[in-house]
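Participant: Structure incoming, see below.
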Amino acid sequence: MFCPRCSQQASDDVRFCSRCGLSLDAVTELVESGGYRASATGEGALALTPRQRGTRKGALIMVAGVTFAVLAVLLTLFKEDFFVLMLPAALVFTIGLMRMLYGLLLEDDSARSKAAKRAPATTHEKAPPKLDRASARGAQLPPARSVPASVFTSVRADTSDMAAPPSVTESTTRLLEEDK
């Protein structure tokens, strides 16, 4: 495969061009799909944001609580001992309500706007991919550094000029000569 920006030859395993830093993942997907862009009904379009998932989970738990409460009321009509089941039903409903509020108020919804920008307008268009500078810049590697890493390493001292420590025998010999 060749990089569409700088024509550098790259293997299929590489995710970025070694010369210009362009992300080659989208190029690989385009080549594998026969030149067609991914469809709007693909994985990215159906992905829910954390806020949507949390709200749906909360709504499901609330529906389960209401269903359990209706079942408890029906059983209570036959025998009054089943009134105790209303407490767990209320608890399940409350947990669902709390989960829904947590999803609505505290979870992030920014993924929806990003996914909407990325989703293509129509399915299987045979058009060349648009490479504007703003989106291409985010998919590239950062530019090469102008200061080499060797500048930041510490300079080592030249140890060949250091004097060797005196030997033990020399100091002992001096002590013996002084005693005479």
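The values are calculated or read from the model by the stated rules, or taken from the named source; none is laboratory data. Please read these numbers as outputs of a predicted model, since none were measured by experiment. Using ideal geometry, Cβ is built from the backbone for each residue, glycine included, and neighbour counts are taken over all protein chains shown.
Participant: Looking only at the stretch 57-85, count how many residues are in contact (Cβ under 8 Å) with a residue 40 or more places away in the chain and either outside any helix (DSSP H, G or I) or of a type outside the set (Gly, Ala, Ser) (or both). Show your work before the answer.
Facilitator: Just the residues of the stretch 57-85 that are in contact (Cβ under 8 Å) with a residue 40 or more places away in the chain, to begin with: 57-59.
Narrowing further to those that are either outside any helix (DSSP H, G or I) or of a type outside the set (Gly, Ala, Ser) (or both): 57.
Total meeting the criteria: 1.
Participant: Now for a separate question. Got at least one residue in the stretch 21-28 being within 30 Å of Gln140 (Cα to Cα) and exposed (fewer than 14 other Cβ atoms within 10 Å of the Cβ)?
Facilitator: At the first step, the residues of the stretch 21-28 found to be within 30 Å of Gln140 (Cα to Cα) are 21-28.
Now restrict to residues that are exposed (fewer than 14 other Cβ atoms within 10 Å of the Cβ): 25.
Within the stretch 21-28 (the criterion being within 30 Å of Gln140 (Cα to Cα) and exposed (fewer than 14 other Cβ atoms within 10 Å of the Cβ)), the answer is yes, since at least one residue qualifies.
Participant: Can you name the condition, by its number, that Thr123 falls short on among (1) β-branched (Val, Ile, Thr); (2) touching a helix residue (DSSP H, G or I) at 6+ places or on another chain (Cβ under 6 Å); (3) modelled with pLDDT under 80?
Facilitator: It fails just one condition, (2).
Participant: While we're on this one: Tally the residues that are under 22 Å from the mean Cα position of the chain (by Cα) and at pLDDT below 75, restricting the search to the stretch 41-82. Step through it out loud before you land on a result.
Facilitator: Taking the stretch 41-82 first, the residues under 22 Å from the mean Cα position of the chain (by Cα) are 42-54.
Cutting the leftovers down to at pLDDT below 75 gives us 42-46.
Qualifying residue count, the stretch 41-82: 5.
Participant: Answer yes or no: is there a residue in the stretch 88-107 that is surrounded by 10 or more Cβ atoms within 10 Å (Cβ to Cβ) and modelled with pLDDT under 85.
Facilitator: no
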